[in-house]
1. Per residue of segment A:373-385, what does 6.51 cos²θ - 1.76 cosθ + 1.60 with θ = phi - 60° give for ³J(HN,Hα)? Whole Hz please, x for Gly and Pro, Karplus curve as stated.
2. Calculate what fraction, in whole %, of the accessible area of segment A:330-388 sits on carbon and sulfur atoms when a 1.4 Å probe is rolled over the protein chains.
3. Which of the trypsin sites (Lys or Arg not before Pro) found in segment A:1-35 are in a DSSP loop and have at most 16 neighbouring Cβ atoms, other than their own, within 10 Å?
4. Under a 5 Å amide H to amide H cut-off, with H placed in plane at 1.01 Å, what residues pair with residue A:232 once short-range neighbours are removed?
5. Between the DSSP loop rule and a limit of at most 15 other Cβ atoms within 10 Å, which trypsin sites (Lys or Arg not before Pro) in segment A:137-209 are left?
6. Can you work out the Karplus-derived ³J(HN,Hα) for every residue in segment B:35-46? Use 6.51 cos²θ - 1.76 cosθ + 1.60 with θ = phi - 60°, whole Hz, and x for glycine or proline.
7. Would you mind telling me the share, in percent, of accessible area of segment A:111-234 contributed by carbon and sulfur at probe 1.4 angstrom?
8. In bins 10 Å wide, starting from 0, what share of all Cα pairs of segment A:111-234 does each bin hold, as a percent?
Amino acid sequence: MNTVCVVGASLAGLLTARALRGQGHEGRIVVVGEEPHRPYDRPPLSKDFLKGAIGEADLALEGEGGEPGIEWRLGVAATGLDAPARRITLSDGGTLTADGIVIATGAAARRLPGTGGLAGVHSLRTLDDARALRADLRAARRVVVIGGGFIGAEVAATARELGLDVTLVESGPAPLAGVIGPAMAGVLAGLHERRGVRLITGAYVTEVTGTGRADGVRLADGTHLPADVVVAGIGATPCTGWLAGSGVELGRDVGGGVLCDEGGGTGVPGIVAVGDCAAWYDPALGRHHRIEHWTGARQRATVAAATLLSGGTARPEPARPPYFWSDQYDVKIQFIGHPGEADTVTVEEGDPATHSFLAVFRQGERPVAVLGVNQVRLFTRWRRHMETAPVHTG
Amino acid sequence: MIPACPLVSLPRGEALRLDVDPPIAVFHTDDGEIYAIDDTCTHQDASLADGWLEGCEIECPLHASRFDLRTGEVDAPPAKRPVRTHRVVVEDDVVYVVPSDAPPNLPPGLTLKGRP
Ligand SMILES: Cc1cc2nc3c(=O)[nH]c(=O)nc-3n(C[C@H](O)[C@H](O)[C@H](O)COP(=O)(O)OP(=O)(O)OC[C@H]3O[C@@H](n4cnc5c(N)ncnc54)[C@H](O)[C@@H]3O)c2cc1C
Ligand code: FES
């Protein structure tokens with residue numbers, strides 16, 4: 001393999017490029033990235049960076065001196081792909097032909113429809129989004145956050161820590177209910193309320209009001225919530241539009257993610273996909289599954305590189321259960337596993353009322369997920385146990 | 001030299017956190033070696049003594065960067081800078097740490113106590 005082109009210059013792209021070198025690829029590596037920035041870390045964008053506790057230089061993912069031997073094409077998007085020819089067309093009019101292609105284009109935040117012309121309405125995915133939101137929050141008093149996924153919940157917590165008046169609107173029974181199940185989400189909802197966030201659950205937003213600039217949010221029941229800043233944390237869609245008609249298969253059930261085998265290989269030889277844009281087959285679940293967490297991209301970059309360099313013959317290790325963390329206020333939330341498979345949840349350590357506890361989700365006797373809240377040491381043990389437990393199939 | 005603990009109270013595979021400023025973590029590996037490094041991850045405020053010890057490496061409990069206990073070097077992001085290592089002396093079955101003179105690599109936003 002001579003030239004490898006990595007499309008997407010963020011976490012998954014950078015780590016796959018690095019893994020390719022680490023695994024002995026000596027040819028060219030070209031990384032194409034739509035954003036003008038060098039690879040940076042996104043998790044702090046809703047936390048310490050938004051709060052102002054760390055700066056832009058602290059977000060860099062590369063070590064000192066950068067990555068040797070990688071050619072960067074930044075500020076340029078891939079606009080199309082001819083998969084059989086492995087030829088990529090670029091937004092600057094150029095093309096790139098490679099022997100191997102890594103698709104690592106991540107996901108883009110969903111925006112609230114009909115708010116395009118309104119100032120003061122934000123979503124949060126990129127450094128530029130975070131800069132704009134940070135500046136707007138500085139001048140704001142009242143914030144409405146729409147969506148209680150982990151970005152919404154984190155932005156609400158950060159805005160509260162900045163002293164703002166915060167309302168969090170969530171359509172489900174509690175923030176994070178979709179990710180960690182309603183029972184434990186209910187416990188964490190109490191945390192937000194105790195810190196002074198107004199929580200409105202089971203509610204749908206029908207409109208962002210205002211002319212020129214947003215001045216509030218209207219709910220389906222007619223309630224109007226006044227706001228200087230509105231943040232939508234309503235999920236993300238894989239950036240796979242540029243693959244339309246390319247021959248690389250996308251999955252409807254996985255939100256348009258790239259369908260991959262359990263090693264990240266697509267149906268086209270010499271093309272792999274990794275990170276938020278990719279839906280890898282998970283034998284433990286018996287289906288394709290898109291993981292939108294940091295650690296998934298990190299672990300799978302190594303596997304995707306091995307798949308590409310071996311021509312698809314490398315046997316990947318069994319996938320580890322998905323792990324994510326979230327920081328809200330001074331609370332460290334850690335989660336591993338598939339809560340949807342559980343029929344019981346028990347608190348095994350600590351007390352939910354004090355926001356320091358560990359809960360285990362089980363299907364019958366078998367642990368399928370673990371939640372740690374300010375229980376870092378104990379969670380680490382459980383995480384190891386979950387990662388090394390024999391994979392359940394069928 | 002700071003006395004850390006009697007050797008018997010730090011079994012193999014275990015870690016201990018010394019509440020100095022900045023805190024130091026002492027590890028007893030499965031192979032019987034004892035190492036001391038700064039306890040705070042260089043990425044964020046996590047205690048490496050809470051992490052997962054494997055061979056001569058400690059994996060950070062939050063975001064899984066791994067530090068080599070012998071050199072302090074880190075393998076992959078999110079942490080980018082090494083942790084400081086300290087010399088360990090075992091005398092009369094007591095573990096002592098000789099703190100390094102080098103400046104610590106604290107994570108962004110964190111400073112030593114009593115300093116701005
Ligand atoms: C605000 C925020 C907070 C988060 N916090 C956490 C957390 O606490 N814990 C956790 O586990 N995870 C968290 N995540 C998720 C984590 O950041 C993602 O899982 C991770 O960034 C995925 O990496 P990626 O490289 O696959 O995708 P991305 O980081 O989305 O990178 C994809 C890159 O590809 C580029 N691109 C897209 N289309 C094209 C194209 N056509 N041509 C060229 N380039 C293109 C994009 O510009 C982007 O730079 C957070 C995410 C966000 C946004
Ligand atoms: S705090 Fe250690 S890797 Fe993030």
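1. Listing the rounded values in order: 10, 6, 9, 4, 5, 5, 4, 4, 5, 5, 4, 4, 4 Hz.
2. Values: 1170 of 2460 Å².
It is 48 percent, rounded to a whole number.
3. Numbers: sites: A:18, A:21, A:28; in loops: A:28.
Answer in residue order: A:28.
4. Sorted by chain and number, the residues that satisfy this are A:122, A:123, A:146.
5. On the way: sites: A:138, A:141, A:142, A:160, A:194, A:195, A:198; in loops: A:141, A:195.
Of the trypsin sites (Lys or Arg not before Pro), the ones in loops of segment A:137-209 whose Cβ has at most 15 other Cβ atoms within 10 Å are A:141.
6. 10, 10, 9, 4, 6, 8, 4, 7, 8, 9, 7, 10
7. Values: 2550 of 5110 Å².
Result for segment A:111-234: 50 percent of the exposed heavy-atom area is carbon or sulfur.
8. The calculated distribution, bin by bin, is 14, 49, 32, 4, 0.
The values are calculated or read from the model by the stated rules, or taken from the named source; none is laboratory data. Computed from a predicted model, the values in this text were never measured in an experiment. Cβ atoms come from the backbone with ideal geometry, glycine included; neighbour counts cover every protein chain shown. The accessibility values were calculated without ligands, DNA or RNA, using every heavy atom of the protein model including side chains. Shrake-Rupley method; radii C 1.70, N 1.55, O 1.52, S 1.80 Å.
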